[in-house]
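Since the structure comes first, as structure tokens, the remarks are kept for the end.
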Amino acid sequence: MAAMIPAAASVVGTVLSAKGNVDAGNAAARRGKAEQKLAEYQAAQLEQNAGQEIASGQRDAEAQLLQSRLLQSRALAVAAASGGGALDPNVLKIIGGIAGEGQQAADTTRYNAKESARGMRDQASATRYSGYQAAEAGRIAKKTGRAQAITTMLSGASSFKNAWDTFKGAA
């Protein structure tokens with residue numbers, strides 16, 4: 001009967017080891033899902049920030065165009081006050097230059113905002129993919145844990161059979 005104690009301990013150890021494998025796999029799957037949820041939240045924030053970046057760029061561009069129009073108006077007023085004509089080629093050239101610079105500044109601001117937003121959207125996509133990968137790794141770990149549990153149980157059954165055969169042969 002004393003010879004059965006190691007065999008019984010082996011069975012208990014096998015069952016506990018198999019349960020540990022399953023539990024570890026389940027924990028990895030839960031961790032992967034949690035990482036995916038976090039990544040999705042971060043990606044949504046990045047996309048929201050991208051939209052706000054575009055809106056901010058539009059507002060800044062409109063402000064630059066307004067400044068340009070005000071500067072053009074001031075240039076025209078100064079030219080008229082100095083006795084120069086509003087249709088003087090030099091005055092028109094100056095006002096045209098101011099308008100062109102204002103438009104270029106506004107276009108550059110819009111472009112920079114769009115590029116910044118594109119970068120945020122790209123980062124959101126990468127973050128989502130990272131979350132998907134974490135969840136996938138968790139699913140794989142869960143399957144691996146179950147496979148390891150089955151392997152552990154089969155190995156334990158083999159050890160138990162050998163111990164049983166030894167016990168029967170001794171009896």
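Listed values, structure above:
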read-out	value
Unique match (being exposed (fewer than 13 other Cβ atoms within 10 Å of the Cβ), free of Cβ contacts under 8 Å to residues at least 60 places away in the same chain, more than 30 Å from Asp165 (Cβ to Cβ) and hydroxyl-bearing (Ser, Thr, Tyr)) among Ser73, Ser68	Ser73
Among the candidates Glu62, Glu53, Glu47, residue that is among the charged types (D, E, K, R), in contact with a Lys or Arg (Cβ under 7 Å, 6 or more places away or on another chain) and at pLDDT 95 or above	Glu47
All positions within the range 12-38 that are over 27 Å from Ser155 (Cβ atoms) and acidic (Asp, Glu)	Glu35
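The values are calculated or read from the model by the stated rules, or taken from the named source; none is laboratory data. On a predicted model such as this, the values are computed, not experimentally measured, just so you know. Using ideal geometry, Cβ is built from the backbone for each residue, glycine included, and neighbour counts are taken over all protein chains shown.
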